[in-house]
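The structure appears below as structure tokens.
The values are calculated or read from the model by the stated rules, or taken from the named source; none is laboratory data. Source: prediction; values computed, not measured. Cβ: placed from backbone, ideal geometry, glycine included. Neighbour counts: every protein chain shown. We work out accessible area using only protein heavy atoms, side chains counted, and drop any ligands, DNA or RNA first. Shrake-Rupley method; radii C 1.70, N 1.55, O 1.52, S 1.80 Å.
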Amino acid sequence: FPSGCANTTTPPTGGAKDTIPPIIKKVYPLPGSVNVPTHKSKVRFWFDEYVKIKDANGIFLSPPLEKKPKAVIKGKSVEVTFESDLDSNTTYTLDLTGAIADNNEGNLFPGYTLVFSTGEKIDSMCLTGVVQDCNSLLPIKGATVLLYRNHADSAVLKERPVAAAKTDEWGYFSLRNIRDTLYRVYAIRDANNNNIYEPESESIAFLDTLFRPSTVY
């Protein structure tokens, strides 16, 4: 072997920096699955690389349950289990926006929403909009938009909503796969993420009329 010395002034580069976020390779149950069991159900997402849970609150189930979903890393997958039983004949959406990043460089997974039902069909209506501060008209990031089929004013204080979604950094929200019925609509700054309005510590907004989604042709 020829003699020589290692370069002690320049550390090895390790190659080009990874700038590509994780990609989902497989999901179980499949998107649009129906008759999903209500008891001890779980969802699993397989990625093309090792990932980590960056923000557990970003794993958001609608309609929300009494207990939050629990997520664990298993190899290159994320397994989400439901600590409470799912409701029967209900369409659910499980959103991962802002929750997952790759393990090495922290590239944020852009987001994905899985839709499934514990009944025989998938609800297909939706509601989109923007939540703004009433004084500055600036968008509010991270507000929780809540839908109630119970039209009593006290419902937001006592009950879990029948659908919910978080606003993004532009204050935009999208409530997907909801039923065709009348709703009372609220938005709250949910400080403890329990999906119930607590007047002592949280602010609230609401539509002053009932809302019903409609099909536009």
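Report D for the chain in µm² per second (integer): Stokes-Einstein, Kirkwood Rh on Cα pairs, 20 °C, 1.002 mPa s.
On the way: Rh = 19.3 Å.
D, rounded to a whole number, is 111 µm²/s.
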Report task. Scan around residue 49 for amide H atoms under 5 Å from its own, H built in the peptide plane at 1.01 Å from N, and keep only partners 5 or more places away or cross-chain. Result -> 23
Report summary line: Any trypsin sites (Lys or Arg not before Pro) in segment 44-107 that lie in a DSSP loop and have at most 10 other Cβ atoms within 10 Å would be 67
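Where only protein heavy atoms count, and the probe is 1.4 Å, what is the accessible area per residue for the chain in Å²?
Values: 13060 Å² over 217 residues.
For the chain, the solvent-accessible area averages 60 Å² per residue.
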**Report entry** Between segment 163-217 and segment 46-106, the alpha-carbon center distance in angstrom
**Finding:** 21
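Given a cut-off of under 8 Å on Cα pairs at least six residues apart, what relative contact order in percent is computed for the chain?
On the way: 474 pairs, mean separation 38.8, N = 217.
Relative CO of the chain lands at 18 percent.
Around residue 185, what is the net charge, scoring Lys/Arg as +1 and Asp/Glu as -1 over all other residues with Cβ under 12 Å from its Cβ?
Details: positive: 149, 184, 212; negative: 208.
Local charge sum for residue 185: +2.
Carbon and sulfur atoms: what percent of the 1.4 Å accessible area of the chain do they account for? Working shown, then result.
Numbers: 6750 of 13060 Å².
Ligands and nucleic acids excluded, carbon and sulfur reach 52 percent.
Restricting to DSSP loop positions (anything but H, G, I, E, B) with no more than 16 other Cβ atoms inside 10 Å of their own Cβ, which GluC sites (Glu not before Pro) remain in segment 34-121? Show your work: numbers first, answer last.
Numbers: sites: 49, 66, 79, 83, 105, 120; in loops: 49, 66, 83, 105, 120.
Counting only loop positions with at most 16 other Cβ atoms within 10 Å, the GluC sites (Glu not before Pro) in segment 34-121 are 49, 66, 83, 105, 120.
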Query raised in the report: In whole Hz, what ³J(HN,Hα) sequence does segment 142-154 give by Karplus (6.51, -1.76, 1.60; θ = phi - 60°), x for Gly and Pro?
Result: x, 6, 9, 9, 10, 10, 10, 7, 7, 8, 5, 4, 7
